[in-house]
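Asker: Pasting a structure below so you can have a look.
Nothing in this text is a laboratory measurement; each read-out follows from the coordinates by a stated rule. Just so we're clear, the structure is a prediction, and the values are computed from it rather than from any experiment. All Cβ positions, even for glycine, are placed from backbone atoms using ideal geometry, and neighbour counts span all protein chains on display.
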Amino acid sequence: MGLSARYYWLMASTEIRQKRGAGMVGLLLMVIFLKPFSNLFLAWGMKELPSGVSMNPLFYVKAMFVPLVALGILMQVFWLLFRMKLLSLADLSFVLPVTAVGYVLTTVLGRIFLHEQVSTERWIAVLMIFLGTALVGSTRHIKTQ
Amino acid sequence: MKWILLTIVVVTTVLADLLQSHEMKIGAAERGGKFPLVSILKAIVMRPKLMLAIICLAISFFAFLALVQVAPLSFAVPASAGTFVIETVLARVVLNEHIDGRRAAGALLVLGGIVLLGR
């Protein structure tokens with residue numbers, strides 16, 4: 001983890017220096033943190049509704065008016081706009097690995113706020129996904145125009 | 001049911017990611033690297049591929065809402081990283097791209113993580 005964190009910071013700081021802006025740091029932090037928190041509010045809100053998948057689309061339209069779900073949607077909209085802005089400034093091969101930490105953050109939030117039981121096996125799975133995502137995203141497979 | 005919903009989330013997210021990345025790069029290049037938020041909103045309406053990306057995101061979103069109803073958040077979100085496995089397979093099979101060792105290892109790690117999540 002220490003190695004990954006250093007690798008992350010090195011990659012992020014290099015890209016940020018290239019873009020030369022505190023705005024870029026803010027944008028990156030918004031993209032990293034908005035998604036896990038929006039997912040938390042969506043899941044929290046949906047848990048308040050009757051359990052089970054509904055085949056009626058109206059159920060999900062009504063769900064959007066549950067306050068926590070509405071807050072989650074608002075945060076997702078802002079996340080989407082900020083991510084699009086970030087994608088216009090940085091390569092996907094930079095954005096994906098840096099934002100991969102969101103998988104770990106979401107699991108932590110689920111454990112703390114939704115009191116989910118996260119087994120050791122699941123933590124290992126989440127870490128594997130985080131590292132795998134960072135590896136896949138860090139390869140320069142998408143060329144900058 | 002959770003695996004069906006997860007598949008819908010993953011496939012629509014892959015499509016949205018590819019379309020968004022492609023269109024935003026073109027848009028930024030046309031504007032000399034500058035792409036303010038207001039212009040992004042305008043581009044969503046004006047560019048069909050960006051609109052299609054938003055539709056894919058909407059489908060992915062509703063499938064995700066259903067997913068978090070039937071599965072824990074600590075499963076739903078990490079498992080949605082299956083997008084990276086699909087993107088890697090698509091790059092190799094459809095685009096005939098060379099997949100280096102690092103990327104293949106990453107995709108396998110994600111796949112292994114998802115299998116472990118499903119146990």
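Asker: Which entries of A:K35/A:K85; A:K85/B:K42; B:K2/B:K49; A:K47/A:K85; B:K2/B:K42; A:K47/B:K2 show an alpha-carbon separation above 24 angstrom in the structure shown?
Answerer: On the way: A:K35/A:K85 15 Å; A:K85/B:K42 13 Å; B:K2/B:K49 29 Å; A:K47/A:K85 32 Å; B:K2/B:K42 36 Å; A:K47/B:K2 15 Å.
Long pairs (Cα-Cα over 24 Å): B:K2/B:K49; A:K47/A:K85; B:K2/B:K42.
Asker: Springs between alpha-carbon atoms under 10 Å, Gaussian network over chain B: tell me which of B:I59, B:I44, B:I99 tops the mean-square fluctuations.
Answerer: In this elastic network of chain B, the residue with the biggest mean-square fluctuation among B:I59, B:I44, B:I99 is B:I99.
Asker: If r is the Cβ-Cβ distance from B:I55 to A:E121 and R0 is 22 Å, what FRET efficiency results, to the nearest 0.05?
Answerer: 0.05
Asker: Let me ask something else about it. ³J(HN,Hα) across region B:58-65 via Karplus (A = 6.51, B = -1.76, C = 1.60, θ = phi - 60°), whole Hz, x for Gly/Pro?
Answerer: Karplus-based 3J(HN,Hα) across region B:58-65 equals 5, 4, 4, 5, 5, 5, 5, 4 Hz.
Asker: Same structure again: Just B:R102, B:R47, B:R92 to compare: in a GNM of chain B, with alpha carbon springs under 10 Å, which one fluctuates most?
Answerer: Among B:R102, B:R47, B:R92, the largest GNM mean-square fluctuation belongs to B:R102.
Asker: Same structure again: Could you go through region A:119-131 in sequence order and give the Karplus-derived ³J(HN,Hα) for each residue, using 6.51 cos²θ - 1.76 cosθ + 1.60 with θ = phi - 60°, rounded to whole Hz, and x for Gly and Pro?
Answerer: 6, 4, 4, 5, 4, 4, 4, 5, 5, 4, 5, 4, 5
Asker: So, in nm, how far is label A:V61 from label A:V108 when the simple model puts each one 7 Å beyond its Cα toward the Cβ?
Answerer: With each label point 7 Å from Cα toward Cβ, the separation is 3.9 nm.
Asker: Just to confirm a number: summing +1 for Lys and Arg and -1 for Asp and Glu over residues other than B:S80 whose beta-carbon lies under 13 angstrom from that of B:S80, what do you get?
Answerer: 0
Asker: If amide H atoms are built 1.01 Å from N in the plane of the peptide, which residues on other chains or at least 5 residues away come under 5 Å of the amide H of A:L114?
Answerer: Under 5 Å from the amide H of A:L114: no residue qualifies.
Asker: Further, regarding this structure: What does the charge add up to near B:L15, with Lys and Arg as +1, Asp and Glu as -1, over the other residues with Cβ less than 12 Å from its Cβ?
Answerer: Once positives and negatives cancel, what remains is -1.
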